[in-house]
Amino acid sequence: MKILGILGSHRNDGATDMMLETVLSAVKAPNTTDMIYLEDYPFKPDQGDHKDPVLDELEAKMLESDVWVIAAPTYWGGLAGKMKDFFDCMRQRLVRFDHEGGTHPDRFKNKHYLSITDCYTGTFENWVTGVTDQSFRTIDKVMSAAGVIKIHELVLTNTWGMKALPENKKQACLKWGARLNTEQKRDDSTLKRYIELFFMVAVMALLTMGIQVGLRLVSTADFWWRYASFVVIFYVLLGCILHFFTVVKHRRR
């Protein structure tokens, strides 16, 4: 298995690079790693039938890799321009367009990615305001359109003047780098888990309301109607909360 690091920052010796290098350092043989520093590649968007040879080279590296570690800092509350420019120039290659301009996953479908970003903002401020959220959303939107599956995301705050990674972040990078050594598999059990959750809610609600009836805390009138409505409403609310914390909300610390 091959893991490809893609660095989209102005410097190749800053905090973003330190995180990326640490993740890749945890990859062990027989797995291999490679890294692209986008500043070294003067790519341009394709013009009609004229394909940019630099993008050809980058695309080949991405195709031969199984996992991408996408690393770029957050500037002005958004993804660093170099990485964004790379995504923009690659858009015709990352996805397939239909006759109405809709996008569909193409050759990169079912590859995996881990995303990294960092910012000068303090930990508490980023946790409250979500400065780095937009960077992760941009990466996720592009990767989702391309059919690439997310593994995890790592964020580093307080990077102004940082010369070395904090120990906790270093260990987090090593942990997730080590996890890249195992073959990544698509998680197709989401629907199954939601069905299981529904039945757990239904059983617990039945037991709770049954106890309430036994203790004469509630009336038995319209019991099943109240039970069914409670299960549905509670399940929908719980599902929304779980979706927010597992999909929408990004790491901020």
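The values are calculated or read from the model by the stated rules, or taken from the named source; none is laboratory data. The shown structure was predicted, so the numbers you read here are calculated from the model rather than taken from an experiment. All Cβ positions, glycine included, derive from the backbone under ideal geometry; neighbour counts span all protein chains shown.
In the stretch 48-75, what residues are assigned to a loop (DSSP other than H, G, I, E, B) and buried (at least 20 other Cβ atoms within 10 Å of the Cβ)?
Hits for the stretch 48-75 are Ser65, Ala72, Pro73.
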| task | Determine the pairs where a residue that is closer than 15 Å to Asn126 by Cβ, located within the stretch 147-175, has a partner that is hydroxyl-bearing (Ser, Thr, Tyr) with Cβ atoms under 7 Å apart, the partner being 6 or more residues away or on another chain. | result | Glu153/Ser115; Val155/Thr117; Val155/Thr132; Thr157/Thr121; Thr157/Thr123; Asn158/Thr123; Thr159/Tyr120; Trp160/Tyr120
| field | Those residues of the stretch 198-253 which are among the basic types (Lys, Arg) and either exposed (fewer than 10 other Cβ atoms within 10 Å of the Cβ) or more than 34 Å from the chain's Cα centre (by Cα) (or both), in sequence order | value | Arg216, Arg226
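Residue-by-condition table, conditions (1) part of a strand (DSSP E or B); (2) in contact with a Leu (Cβ under 9 Å, 6 or more places away or on another chain); (3) buried (at least 23 other Cβ atoms within 10 Å of the Cβ):
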{"site": "Lys84", "(1), (2), (3)": "no, no, no"}
{"site": "Arg96", "(1), (2), (3)": "yes, no, no"}
{"site": "His99", "(1), (2), (3)": "no, no, no"}
{"site": "His104", "(1), (2), (3)": "yes, no, no"}
{"site": "Lys109", "(1), (2), (3)": "no, no, no"}
{"site": "Leu114", "(1), (2), (3)": "yes, yes, yes"}
{"site": "Thr117", "(1), (2), (3)": "yes, yes, yes"}
| request: Return the residue satisfying two criteria in turn: it lies in the stretch 103-128 and is in contact with a strand residue (DSSP E or B) (Cβ under 8 Å, 6 or more places away or on another chain) and touching a residue at least 60 places away in the same chain (Cβ under 8 Å), and of such residues it is farthest from Leu154 (Cα to Cα). | output: Asn110
| query | Would you say Ile139 is of a type in the set (A, V, I, L, M, F, W, C), out of contact with any Cys (no Cβ under 8 Å at 6 or more places or on another chain), within 22 Å of Glu183 (Cβ to Cβ) and assigned by TED's automatic domain parsing to the domain that holds Pro42? | reply | no
| Which of the residues belonging to the stretch 192-238 are within 29 Å of Asp140 (Cβ to Cβ) and at pLDDT below 85? | Lys192, Arg193, Tyr194
| query | Just to be sure, is Leu174 over 15 Å from the mean Cα position of the chain (by Cα), part of a helix (DSSP H, G or I) and over 28 Å from Lys28 (Cβ atoms)? | reply | no
